[in-house]
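Working notes for the structure below.
FYI, it's all coordinate maths here, none of it is from the lab. The structure presented is a predicted model; accordingly, all values stated were derived computationally and were not measured. We place every Cβ from the backbone using ideal geometry, glycine too, and count neighbours over all the protein chains shown.
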């Protein structure tokens, strides 16, 4: 019996989202360690780490209900990639700005992913997955909005610190 293509695509999307959330954890945890000059950013990232950990649990729940599990390989590769990306920015004189831009892009990538997964859940009649995915989507939208709203504040703080001759990059 051939596998349902919608189910197969949905499972792949869930596994990709799981790996993406693992990558997000790596990125955020690396950044938090380096945000002594930007306590509001560190606090919001800590909050989002907690949300992300819950998002991973939700994805695990949906995958389990579908008789599947996350891809340890994808999780490991993307988590390592997230750490490498954060390390790459650490060497920059404007690390906080680069991280803020990258966070904005990353959150919007996650939003697109969850919107697509919700459509797949509807198309495949995976009704129990939808509320969990919608909850995650709302969290990602809130984080993306917060990051977007924080760009002027972070930029001003960076400039003030630079002009005062203080450590401004992180």
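Expressed as cubic angstrom per residue, what is the convex hull volume of the alpha carbon set of region 5-163?
Numbers: hull volume 14.6 nm³, N = 159.
Convex hull volume per residue, Cα atoms: 92 Å³.
Just grab the label-to-label distance for residue 3 and residue 109, each label 7 Å out from Cα along the Cβ direction, in nm (one decimal).
A separation of 2.4 nm, rounded to one decimal place.
Once you put a point 7 Å from the Cα of residue 53 and another 7 Å from the Cα of residue 122, both along the Cβ direction, what distance in nm separates them?
So the two model labels end up 3.3 nm from each other.
What is the calculated FRET efficiency for residue 151 to residue 61, with r their C-beta to C-beta distance and R₀ = 30 Å, to the nearest 0.05?
Values: r = 34 Å, r/R0 = 1.13.
With a Förster radius of 30 Å, E is 0.30.
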